[in-house]
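Only one structure is covered here, and it is reproduced in the block below.
The values are calculated or read from the model by the stated rules, or taken from the named source; none is laboratory data. Note that the structure is predicted; figures quoted are calculated from it, not measured. Don't worry about glycine lacking a Cβ; one is built from the backbone with ideal geometry, like all the others, and counts go over all protein chains shown. For accessibility, only protein heavy atoms count, side chains too; no ligands or nucleic acids. Shrake-Rupley method; radii C 1.70, N 1.55, O 1.52, S 1.80 Å.
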Amino acid sequence: MSQRVDVFALSDAAGETAVRVAKAAFAQFPQLDIVYTKYPFVKDDNQLKKILNLANEKKAVILHTIVSKEISEIINTYCQQHEITYYDILNPIIGTFGQITHEEPLRRKGLIHELNQNYFDMISAMEFTVNNDDGKNAKGLLEADLVLLGISRTSKTPLSLYLANKNIKVANLPLVPKAAIPDELWHVNPKKIVGLTNDMNVLTKIRRQRMIAYGLNPDTAYSEEDEIQRELDYSNKIYKELGCPVINVADRSIEETAALIMEQLNINGYTKS
């Protein structure tokens, strides 16, 4: 039986940073049974006291992104006194930056999620991407910051949405041997196009599982190796004609593939340069 570890993620804002850091760290210990509990918008002493007492009772690990110096000191002191393992994620970094720059930090919660122009640009990118998913709008290929191409099950849609969250307007187009390619694609700068591909064995497995999930026979042309190879050959031919970069998504997470794409497009991950 695997060892259970309770992880409490505390924040005075949405709490996404604390959870992501925790999951990134504990991903290195797949043998453990990690139970994450997120406590966002921690603001008053009574709420905090209940959380800390529960953490002590469960022998939980605490990770927090509390920017308030007073509240973070309460958490850190309590954990030290009760021998609770804890990680103050932001304050050591904030302190170091303050020393380097000789500037006082604002210590205002939720700044990363402020409703500024960057936020509204992200919403615009998300709307554009949803409206230009799966080849819905051929004209969108010319307006997009990025065009993703690929045969079925090459992660076009999840990648598009992930990149839209980085303020990138994405249009994606499925490549099907018998379907016509929109003329607009040939007028897009190849530097703004990325071709996606996948390994045969991965595609076969994914497509069979998809058919089973729909209650259908997995042994169809959709999951047949000769058909998949024909689609792969067709897509590679298109990529060569376009002169666009190609990324194999096999055994890569959405985040890893997105990072490769942003590197290819010279995008720093948040704002188009």
So which residues in the range 130-183 are touching a Gly at 6+ places or on another chain (Cβ under 8 Å) and not in a strand (DSSP E or B)?
131, 132, 156, 166, 175, 182
Quick check on the range 1-19: of everything there that is open to solvent by less than 50 Å² (accessible area, probe 1.4 Å) and of a type in the set (Val, Ile, Thr), which residue is nearest to residue 74 (Cα to Cα)?
7
Taking the range 41-50 and keeping residues open to solvent by 40 Å² or more (accessible area, probe 1.4 Å) and assigned to a helix (DSSP H, G or I) leaves 45, 46, 47, 49, 50
Set 254, 228, 212: member being buried (at least 20 other Cβ atoms within 10 Å of the Cβ), at negative phi and out of contact with any strand residue (DSSP E or B) (no Cβ under 9 Å at 6 or more places or on another chain)
228
Which residue is surrounded by the most Cβ atoms within 10 Å (Cβ to Cβ), if the candidates are limited to the range 142-156 and must be farther than 15 Å from residue 167 by Cα and of a type in the set (Gly, Ala, Ser)?
150
Among the residues that make up the range 20-40, is at least one of them in contact with a His (Cβ under 9 Å, 6 or more places away or on another chain), without any contact (Cβ under 8 Å) to a residue 60 or more places away in the chain and either farther than 24 Å from residue 108 by Cα or surrounded by fewer than 19 Cβ atoms within 10 Å (Cβ to Cβ) (or both)?
no
Within the range 51-106, can you find the residues that are within 22 Å of residue 19 (Cβ to Cβ), open to solvent by 90 Å² or more (accessible area, probe 1.4 Å) and in a loop (DSSP other than H, G, I, E, B)?
59
